[in-house]
Every structure is written in C-alpha cells, then in structure tokens.
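> Quick one: structure below, then a few questions.
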Amino acid sequence: MTKVQKKNYISEMSTQFENSKAVMVTHYQGLTMVQLDELRAQMREHGIIFKITKNRITKLALENTKCKELSDLFKGPTAVAFGEDAIMSARILSKFAKDNDSLKLIGGIMDNEVLDQAGVQNVASLPTLDEARANIVGILNAPASKLVSILLAYSEKMSSLSAENSETQPKE
C-alpha cells in the first residue's frame, strides 16, 4: 500500500468511525469468502457496511474519533460493521455468529457508549425501533378493543333482554 493509499484509507476509516452511530468489531478467522459475501449481503440490505480492516492503519484512523476506545480490539483478523442502527447490526452479526462459529463479536460502540462482547449480545436481543413501535401500538389498542368488546356485549345483552321482555308482555 502506497503512502497516498494509506492516507486515503485512514481518512475514509476516520470518517466512517466518526459518522456511524453503530460500530461493531468482529474477528472473522476461518470464514470463507462465500460466507463473508453472504454476511456482507445481509448487512447491505439494512444499509450497514461490513469491512475487513488493516489493524495498524485502522488504529491510526481511530486516534481522533469518538471510537478511540475500540483501538485495543484490533488484533488478529478484524472486520468492522458501520451503520445507523446498532440493534440491527448486532442482531445480524449475532445470528450469523450462531450459524458460523468462525465469526466472533468482540465489541463495539452504540452512539457514544462502548460495548463489550456481552453488551453487543444484549443489544442484539433488544427490539428494533419498528418492533418497539408495534408493541406500543398493540398496548395502546388493547384497552380500546376491550372497551369496545364490553360495550358490544352489554348492548347485545340489552337487546336480548328487551326481546325477552317484548315476548313475555301480554299482547293487547
């Protein structure tokens, strides 16, 4: 890699680290190119960039960013996922790691919070924003639907009572 290429790489990586809301660091030793391409495709569907890094140069790129605490994670065959949605990034990587023992989630950053391996797993188990919204709407709709069913049952009971009353009253 020439000096110009290194400068461009450092600049590009610094920008990615600084502008991404979610950064997940993984070790990928043992994955085949087919598996890596499959993982990249899954990530790309959700607007997440999955990039294999050059550790020494990446550490230089990290120095002046909000992600500088991740510097210690860059040992061995390392790849990084950059995205806007930490939950989706962690979920895809976690699911892929369950199916492929060669992928190891080792840490990351969500907004400005540093996550260890357990933190990334916890984030992966959280509902996405759309799922949380659906749950809230379901909770809000539940009392209204219960009220409607109670009112309908009451009105049906009233109508059946009035029908019984009209049948039992003598006709004139």
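> From the set of residues in the stretch 1-10 that are of a type outside the set (S, T, Y) and not in a loop (DSSP other than H, G, I, E, B), which is nearest to the chain's Cα centre (by Cα)?
Selected residue: I10.
> Please indicate, with yes or no, whether at least one residue in the stretch 86-98 is over 25 Å from Y9 (Cβ atoms) and over 15 Å from the mean Cα position of the chain (by Cα).
yes
> Right, something else. Could we say that A81 is surrounded by 13 or more Cβ atoms within 10 Å (Cβ to Cβ) and touching a residue at least 60 places away in the same chain (Cβ under 8 Å) here?
No; evaluated as a whole, the condition is false for this residue.
> Determine whether the stretch 11-30 contains at least one residue that is assigned to a helix (DSSP H, G or I) and over 21 Å from V114 (Cα atoms).
Looking for residues that are assigned to a helix (DSSP H, G or I) and over 21 Å from V114 (Cα atoms), one finds at least one in the stretch 11-30, hence yes.
Coordinate-derived values only; no laboratory data. All figures in this text were calculated on a predicted structure; none of them were measured in a lab. Cβ sites come from the backbone with ideal geometry, for glycine too, and all protein chains shown count toward neighbours.
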